[in-house]
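Since the structure comes first, as structure tokens, the remarks are kept for the end.
The values are calculated or read from the model by the stated rules, or taken from the named source; none is laboratory data. Treat the numbers as computed from the prediction; the structure is a model and nothing was measured. Cβ: placed from backbone, ideal geometry, glycine included. Neighbour counts: every protein chain shown. Side chains included, ligands, DNA and RNA excluded: accessible areas come from the protein's heavy atoms. Shrake-Rupley method; radii C 1.70, N 1.55, O 1.52, S 1.80 Å.
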Amino acid sequence: MADGSNFSGAANAGLLRLFAPDYGAVAERDVYRRHLVAGERARTEGLATVITGRRAVLDDLALFHTRDYVEALRTGEPEGVASSGGTWFPGLLDLGMAVLGAFLDAIDAALQHGVSGMLGGGGHHAEPGRGGALSPVNDLGIGVHYLRRRVRRVMIVDLDVHFGNGTAAGFPDDAELFLFDYHGHAAGLHRPT
């Protein structure tokens with residue numbers, strides 16, 4: 001579970017638990033800062049407690065991704081594989097592990113308390129052996145395998161504007177996964193055949 005640190009002191013059991021990644025040095029970049037701003041707003045409005053999530057470990061990545069791909073994310077080599085989900089940089093894996101850890105904490109909290117939320121994350125373009133469309137880690141695919149340690153059937157409701165092609169590719173013909181993916185048209189992202 002999370003380390004217990006959050007934006008508002010001790011967690012309030014009556015509020016929604018929102019998990020935020022520890023973005024570290026990149027927290028002020030707009031793409032990440034907006035998640036933290038949303039969490040702070042939910043906290044100040046009395047809607048949620050925002051909890052800093054744990055950092056995932058390499059074995060968590062291997063729940064969905066191949067060992068070769070995990071190694072490429074770790075080392076940056078081969079560059080074509082390591083950068084398949086966006087430009088590889090030395091902190092990419094740490095960032096992915098922070099996001100994934102917060103997501104796994106949100107799953108744990110939802111199982112324990114009935115509901116929780118995640119600020120950021122939602123990578124769904126990465127396939128088991130490669131990244132895709134600015135998604136080096138498939139949080140959703142890893143989450144399915146993580147959940148299956150405790151439940152048999154899983155439903156994903158993916159409302160992102162793009163099709164979650166990596167998640168779909170990772171679970172072909174899986175009768176125990178219901179993947180509802182409602183998306184708009186996105187050039188170059190097509191359903192796998």
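Taking region 32-113 as the region of interest, the helices (runs of 4 or more DSSP H) fully inside it that hold 2 or more residues being more than 21 Å from residue 142 (Cβ to Cβ), open to solvent by 20 Å² or more (accessible area, probe 1.4 Å) and modelled with pLDDT under 95 are 79-82. Tell me, please, whether a residue that is more than 18 Å from residue 100 (Cβ to Cβ), part of a loop (DSSP other than H, G, I, E, B) and touching a helix residue (DSSP H, G or I) at 6+ places or on another chain (Cβ under 9 Å) can be found in region 137-155. Within region 137-155, one or more residues are more than 18 Å from residue 100 (Cβ to Cβ), part of a loop (DSSP other than H, G, I, E, B) and touching a helix residue (DSSP H, G or I) at 6+ places or on another chain (Cβ under 9 Å).
A count restricted to region 114-134 and to residues that are open to solvent by 30 Å² or more (accessible area, probe 1.4 Å), under 20 Å from residue 67 (Cβ atoms) and of a type in the set (A, V, I, L, M, F, W, C) stands at 0. Listed by first and then second residue, the pairs with beta-carbon distance under 9 Å, at least 6 apart or on different chains, first residue in region 17-30 and without any contact (Cβ under 8 Å) to a residue 12 or more places away in the chain, second open to solvent by 30 Å² or more (accessible area, probe 1.4 Å), are 27/33; 27/36.
Restricting to region 109-125, name every residue that is closer than 19 Å to residue 35 by Cβ, in contact (Cβ under 8 Å) with a residue 12 or more places away in the chain and of a type outside the set (S, T, N, Q). Even if it seems obvious, please write down each step before you answer.
Going through region 109-125, the residues closer than 19 Å to residue 35 by Cβ turn out to be 109-110, 115-125.
From what's left, in contact (Cβ under 8 Å) with a residue 12 or more places away in the chain: 109, 115-125.
109, 115, 117, 118, 119, 120, 121, 122, 123, 124, 125 - these are the residues of region 109-125 that are closer than 19 Å to residue 35 by Cβ, in contact (Cβ under 8 Å) with a residue 12 or more places away in the chain and of a type outside the set (S, T, N, Q).
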